[in-house]
Amino acid sequence: MPSTFYGLTIAGSGLNSFQTAVNTTANNIANVQTEGYTRQVANRKQAESLRVYARYGTTGSGVTTTSITQIRDAYYDVKYWENNSSLGLYEKKLYYMNQIEEYFKDDDSSKGFTTILNSMFNNLESLAGAPGDLDRRKTFISSCQDFATYFNSVSIGLNQIQTDANLEVKSTVDNINAIAQKIALLNNQINVIEMQGGHANELRDERALLIDELSNIVPTETQETEVMNTNDEYYTGCTEFRVKINGQLLVDTREYRTLECKTRDTKVNQSDVDGLYDIVWSDTGNTFNATSKYMSGTLKALLDTRDGNNEENFKGTVDYLYGTKLVITNTTQNSMEKMTMAEEGVITIDNKKFEYSSFTVDYDAAGNATYTFALKEPAGDGADLLAGHQAQIGTSIDAMGVPYYQAQMNEFLRAFCMKFNDIEMQGEDLNGDPMKAFFVARDLVTGEQEDLNKSDTYTQITSAMSSYYKLTAGSFEVAKASVKDPNIFSTTADIVNGPDKAEILELLKPLKEQEKLYRGSGANGFLQCMLSDISVDTNEAKLFYENHKNISHTITNQRLSISGVDEDDEALDLVKFQNAYNLASKMISTMAEMYDQLILNTAV
């Protein structure tokens with residue numbers, strides 16, 4: 001039969017169990033405002049029954065607390081992480097698109113493109129009334145300098161955005177590495193505790209917060225698998241916890257991989273800033289596939305802003321490859337206006353990279369371009385088998401980032417300056433000398449101005465020669481000769497006819513509206529095209545950001561409804577556990593009275 005004091009043992013188990021429940025509730029209440037805290041619950045079950053060798057066979061032995069565990073739904077975690085990546089993508093993209101938009105802003109608060117263009121052509125109209133007037137010439141040339149300065153400043157601003165995004169890529173990669181290291185350490189600590197029979201609830205909360213943070217940066221997946229003993233007979237308490245980013249393994253329980261930013265040796269785009277980073281895996285040196293269609297998160301937004309080319313990078317078909325000579329035809333950049341590649345760089349054919357030191361472009365009678373790249377190293381055996389394959393410079397990125405807007409400005413300026421200079425070169429300046437190029441390109445290293453020829457004289461250009469390829473938004477300026485001497489600007493075809501002839505100026509006037517220079521419009525249509533592109537991207541980013549932000553709120557509320565601490569629920573639990581504790585205490589008091597009666601009053 002059970003001990004005489006067996007009832008005290010049962011009541012004591014109730015005291016202990018509900019004391020633990022009250023303590024757990026107190027911990028929940030204390031963390032009601034703690035970010036990332038998951039509600040905990042003390043799990044109870046009836047204690048094993050005791051064999052008493054009486055007619056009823058066994059008797060209950062009270063209650064026992066088996067564990068203190070979290071209440072968490074993995075389904076909502078996965079949904080939160082999936083949405084969090086998209087939220088991070090569009091939030092960061094919107095941030096940078098608003099900055100880009102500021103540089104093309106044209107309203108009463110800023111002297112933008114339209115204001116400067118109108119001023120330049122108004123001064124041209126004024127000059128046409130008195131072509132020999134030096135003051136009017138100075139005023140017009142000064143407005144042309146403003147026109148050049150505008151594009152220089154926008155280019156510098158976009159380059160600064162590219163630099164900022166590049167630096168943020170580096171800090172983001174460092175953050176990914178730090179998170180991976182912390183997760184690996186937490187995995188080890190969790191296993192140490194749980195292999196001894198406990199539940200590392202607080203450590204699991206800390207790990208979940210890190211996964212939340214990581215999912216905002218890159219698409220994140222997790223997998224936790226229980227580790228069985230060698231014969232698969234029982235669970236050891238240890239788990240294998242793996243984290244993948246963008247489908248690639250980052251953390252494998254105690255082990256973790258790191259990413260590395262490697263500075264590019266050469267530029268991808270002509271107008272890129274120096275020192276852009278490529279992201280590679282430290283252990284293998286393989287490129288981190290940040291341009292896959294499944295990629296999202298803030299890292300994707302940064303790379304889109306820094307490298308986005310709207311899929312308009314150089315692409316073509318290999319016609320010939322042998323030794324150090326690579327010939328490309330059927331290119332996407334058939335005209336000089338659209339050329340975006342750097343003077344030297346890397347061209348990729350079937351995932352094989354070839355470094356080139358220079359290139360030459362030959363134009364046939366129909367205007368079709370054939371590119372010949374001079375490779376730094378011989379192509380090697382089997383190179384001839386690549387004939388007919390596709391080649392490209394850089395990566396085709398479906399986003400309008402800094403390279404795209406730089407390329408659009410370069411395309412517009414080259415088209416505009418070609419027409420303007422070709423017309424100017426038809427005339428003579430006031431000194432009676434043939435007019436040279438008025439808008440020129442500045443060598444960004446030496447500061448010297450490139451001497452540009454007529455656009456219809458180019459049958460072959462090289463990356464090193466002075467051509468309109470060298471003219472970009474960053475290098476665009478007015479010829480120094482005209483700035484120093486306003487006489488050096490042609491208004492007439494033959495100065496013998498008198499300085500007041502203005503037939504050249506009349507040919508320049510249609511460039512503002514009538515002449516089709518850029519996307520089927522005149523010079524005045526450039527800004528509208530730019531703002532249209534920017535507004536599409538900005539509005540898309542804003543719309544998707546708001547949508548994913550609302551989805552995030554919904555999922556967060558669903559997560560909190562399960563794993564969050566609710567004050568009302570905890571208050572109710574507190575009352576229940578207090579009553580149960582009081583009943584157990586009352587049981588002990590009752591048992592004590594019974595034992596007093598048995599021992600003191602019955603003389604047993």
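The values are calculated or read from the model by the stated rules, or taken from the named source; none is laboratory data. Since the structure is predicted, the reported quantities are computational estimates derived from the model, not experimental observations. Methodologically, a virtual Cβ is constructed for each residue, glycine included, from the backbone with ideal geometry; neighbour enumeration extends over all protein chains shown.
Residues that are closer than 27 Å to residue 443 by Cβ and exposed (fewer than 15 other Cβ atoms within 10 Å of the Cβ) occur in the stretch 154-163; there is at least one.
If you filter the stretch 42-57 down to residues that are among the polar types (S, T, N, Q) and loosely packed, with under 13 Cβ neighbours inside 10 Å, you find that the one that is nearest to the chain's Cα centre (by Cα) is 46.
Using beta carbons and a limit of 8 Å, which pairs, at least six apart or on different chains, have the first residue in the stretch 576-600 and within 18 Å of residue 6 (Cα to Cα) and the second one among the hydroxyl-bearing types (Ser, Thr, Tyr) and surrounded by 12 or more Cβ atoms within 10 Å (Cβ to Cβ)? Close Cβ pairs (under 8 Å, with a partner that is among the hydroxyl-bearing types (Ser, Thr, Tyr) and surrounded by 12 or more Cβ atoms within 10 Å (Cβ to Cβ)) amount to 595/4; 598/4. Scanning the stretch 375-393 for residues that are touching a residue at least 40 places away in the same chain (Cβ under 8 Å) and not hydrophobic (A, V, I, L, M, F, W, C) yields 376, 377, 378, 384, 388, 389, 390, 392. There is at least one residue in the stretch 125-139 that is modelled with pLDDT of 95 or more, part of a helix (DSSP H, G or I), out of contact with any Pro (no Cβ under 7 Å at 6 or more places or on another chain) and of a type in the set (Val, Ile, Thr).
Select, from 442, 414, the only residue that is basic (Lys, Arg), surrounded by fewer than 22 Cβ atoms within 10 Å (Cβ to Cβ) and either closer than 30 Å to residue 309 by Cα or without any contact (Cβ under 8 Å) to a residue 40 or more places away in the chain (or both). Result of the check over 442, 414: 442.
Taken over the stretch 454-510, the criterion of being within 15 Å of residue 145 (Cα to Cα) and of a type in the set (D, E, K, R) is satisfied by 477, 480, 484, 485.
Before we move on, is residue 273 over 16 Å from the mean Cα position of the chain (by Cα), over 20 Å from residue 175 (Cβ atoms) and not in a loop (DSSP other than H, G, I, E, B)? No; evaluated as a whole, the condition is false for this residue. Evaluation of residue 549 against the conditions (1) within 30 Å of residue 27 (Cα to Cα); (2) in a helix (DSSP H, G or I) shows that the sole unmet condition is (1).
Only residues that are surrounded by 18 or more Cβ atoms within 10 Å (Cβ to Cβ) and not hydrophobic (A, V, I, L, M, F, W, C) were counted across the stretch 140-151, and they come to 2. Within the stretch 334-366, if we keep just the residues that are among the acidic types (Asp, Glu) and surrounded by 16 or more Cβ atoms within 10 Å (Cβ to Cβ), the residue that is farthest from residue 395 (Cα to Cα) turns out to be 337. If you filter the stretch 167-211 down to residues that are of a type in the set (S, T, N, Q) and out of contact with any strand residue (DSSP E or B) (no Cβ under 8 Å at 6 or more places or on another chain), you find that the one that is farthest from residue 38 (Cα to Cα) is 171.
Against the conditions (1) touching a residue at least 12 places away in the same chain (Cβ under 8 Å); (2) assigned to a helix (DSSP H, G or I); (3) within 24 Å of residue 212 (Cα to Cα), residue 100 satisfies every one except (3). Note on the stretch 499-529: residues that are not in a helix (DSSP H, G or I) and not small (Gly, Ala, Ser) amount to 11. Can you confirm whether residue 134 is under 30 Å from residue 214 (Cβ atoms), over 23 Å from the mean Cα position of the chain (by Cα) and not small (Gly, Ala, Ser)? Answer is no for this residue.
Among 535, 490, 482, which is of a type in the set (Ser, Thr, Tyr), assigned to a helix (DSSP H, G or I) and over 32 Å from the mean Cα position of the chain (by Cα)?
Within the list 535, 490, 482, the selection yields 482.
Taken over the stretch 472-484, the criterion of being in contact (Cβ under 8 Å) with a residue 40 or more places away in the chain and more than 17 Å from residue 421 (Cβ to Cβ) is satisfied by 474 alone. Residue 486 satisfies every condition listed in (1) of a type outside the set (A, V, I, L, M); (2) touching a helix residue (DSSP H, G or I) at 6+ places or on another chain (Cβ under 7 Å); (3) under 27 Å from residue 527 (Cα atoms) except (3). Under 7 Å between Cβ atoms, which residue pairs at least 6 apart in sequence (or on different chains) link something in the stretch 294-323 that is free of Cβ contacts under 8 Å to residues at least 12 places away in the same chain and within 16 Å of residue 405 (Cβ to Cβ) with a partner that is aliphatic (A, V, I, L, M) and not in a helix (DSSP H, G or I)? As it stands, the answer is none, since no pair meets every condition given. Scanning the stretch 418-458 for residues that are part of a loop (DSSP other than H, G, I, E, B) and of a type in the set (Val, Ile, Thr), we see that the one that is modelled with the lowest pLDDT is 445.
Restricting attention to the stretch 365-374, the residues being touching a residue at least 24 places away in the same chain (Cβ under 8 Å) and either under 30 Å from residue 294 (Cα atoms) or among the aliphatic types (A, V, I, L, M) (or both) number 2. Screening the stretch 156-179 for residues that are of a type in the set (A, V, I, L, M, F, W, C) and free of Cβ contacts under 8 Å to residues at least 24 places away in the same chain and picking the one that is farthest from residue 400 (Cα to Cα) gives 178. The criterion of at least 1 residues that are within 27 Å of the chain's Cα centre (by Cα) is met, among strands (runs of 3 or more DSSP E) falling completely within the stretch 300-391, by 315-322, 345-349, 352-363.
Within the stretch 346-364, the residues that satisfy the criterion of being touching a residue at least 24 places away in the same chain (Cβ under 8 Å) and either under 17 Å from residue 323 (Cβ atoms) or not β-branched (Val, Ile, Thr) (or both) are 347, 349, 350, 352, 354, 355, 356, 358, 359, 360, 362, 363. Checking the stated criteria, residue 308 turns out to be among the small types (Gly, Ala, Ser), at pLDDT below 95 and surrounded by 15 or more Cβ atoms within 10 Å (Cβ to Cβ). Applying the condition of being without any contact (Cβ under 8 Å) to a residue 60 or more places away in the chain and more than 39 Å from the chain's Cα centre (by Cα) to the stretch 538-570 and asking which residue is surrounded by the most Cβ atoms within 10 Å (Cβ to Cβ) yields 569.
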